[in-house]
Amino acid sequence: MREKVFTFGPGKGIVGVLTEPDSSVLRPDAPIALSSNVGMHSHSGPHRLYVDLARSLAARGFPMLRFDLSGQGDSAPRTERVNEFERAVLDVRDAMDALTERVGAKRFVPLGLCSGVDSTHTIARDDARVAGAIFIEGYTYRTPEFHLRHYGKRFLTRRFWEMYGKRKFNEYTERLLGRQGKDDPVQVIYSRNYPSVEQLERDYTAMLNRDTALLFVFAGGMHSMYGYNYEGQFADLLPAIARDRRVEVAFFPKADHVYTALVDRRQLVERIVRWFDARFP
């Protein structure tokens, strides 16, 4: 295994680390995995997740580039007047262009975690060089069974009704004081636009029509606005997509959003490596 600094993009201002397998295990025409930082995490990933993944993939013959998005971490900002999403898409495409030019790469597997899924989704939908895509904690929506599992037991607890009563009392008080509807003093500094379920199905269908392998990974230990809390939730949401042989879904019921526990990270890395082995033999 070899690791080296890899710079690319405008003025070679985007900085990453390219992990390459030894020649004895390198697979011919192996796709290169791509990951970028998300949130406050660097190109190492949450709790060095991307470092562990890159080295595990290299041991199985797959290269991986992990890099800081422009304007974050070690990377210089772009000069184009673009928003965060557009910037991320440009950065990923620049990474693929540079790897094609300098190491002869032809196929890529972008990986997105949480908000990083946005650019991964767009690249996987629109770029023919993408042979596979990994979506960790990506788009999902609540189903009837989600609600049953999420709220069923809570309805029977005293704590639930105490919190419900408190919230309703506060709402009533705000109306009496004429404060309802006023702007919250906390400013929203980042927001994401989730596609509709219908748009998701169209986008995934477009990926599959190009024979793109898809891996969806969800954690059940922390519920966000659109939570995931049981094994078959993706299949209930998008049954036609879930039935496709090129689609795999992994669910880690005890893991949190960024796989803080070592055992969860190890299981996640092992699952992704198995997927690479199976999809790109």
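A short reminder: the numbers here are calculations on the coordinates, not readings from a lab. Nothing here was measured: the structure is a model prediction, and the numbers come from that model. Positions of Cβ are backbone-derived with ideal geometry, glycine not excepted, and every protein chain shown enters the neighbour counts.
Numbers below:
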quantity	calculated
Ordering of 20-31, 262-273, 132-143 by burial proxy (mean other Cβ atoms within 10 Å per residue, highest first)	132-143, 262-273, 20-31
Residue-wise HN-Hα coupling along region 107-119, computed from phi with Karplus coefficients 6.51, -1.76, 1.60 (Hz; x: Gly, Pro)	10, 9, 10, x, 10, x, 10, 6, 5, x, 5, 4, 5
At 0.692 mPa s and 37 °C, Stokes D of region 80-126 from Kirkwood alpha-carbon radius, µm² per second	292
Listed residue (Pro239, Val269, Gly152) projecting farthest to the positive dipole end of the chain, Cβ model	Gly152
Net charge, Lys4 excluded, C-beta distance under 15 Å - Lys, Arg +1, Asp, Glu -1	+1
Number of Lys pairs (Cα under 26 Å; 8 or more positions apart or on different chains) in the chain	8
FRET E, pair Lys254, Val25, Förster distance 41 Å, beta-carbon r, rounded to 0.05	0.80
Between helix 49-59 and the chain: long-axis angle, C-alpha atoms, 0 to 90°, nearest 10	30
Cβ-placed point charges (K, R +1; D, E -1), dipole of region 1-68 about Cα centre in debye, nearest 20	40
Approximate shape of the chain as ellipsoid semi-axes (Cα gyration tensor, √5λ), whole Å, largest first	36, 23, 18
Taking only Cα atoms of region 6-80, radius of gyration then Dmax in Å	13.1, 42
Contact order relative to length of the chain, as percent, for alpha carbon pairs under 8 angstrom and 6 or more apart	17
Per-peptide average of other Cβ atoms within 10 Å, ordering 1-8, 207-214, 116-123 highest first	116-123, 207-214, 1-8
Paramagnetic label zone (point 7 Å from Cα along Cα-to-C-beta, Asp211; backbone N under 20 Å) in region 264-281	275-281
Cα centroid separation, region 113-134 to region 227-275 (Å)	17
Sites Val273 and Asp97 - FRET efficiency at Förster radius 30 Å, r taken between beta-carbons, to 0.05	0.70
Protection proxy ranking, peptides 102-110, 59-67, 42-50, average beta carbon neighbours within 10 Å, highest first	59-67, 42-50, 102-110
Estimated inter-spin distance, Ala235 and Arg266, nm [label 7 Å along Cα→Cβ]	2.9
Full-extension gain in nm, Arg48 to Arg149, via 0.36 nm per residue minus C-alpha separation	33.1 nm
Paramagnetic reach from Met163 (point 7 Å along Cα→Cβ, amide N under 16 Å) across region 117-155	147-155
Value at 222 nm in deg cm²/dmol, rounded to 500, when DSSP H runs of n ≥ 4 in the chain each add -39,500 (n - 2.57)	-12000 deg cm²/dmol
Arg107 long-range amide H proximity, modeled H, under 5 Å	Ile32
Using a Förster distance of 45 Å, the FRET efficiency for Val5-Arg202 (Cβ separation, nearest 0.05)	0.70
Cα-centre dipole for the chain with unit charges at Cβ (Lys and Arg positive, Asp and Glu negative), debye to 20	700
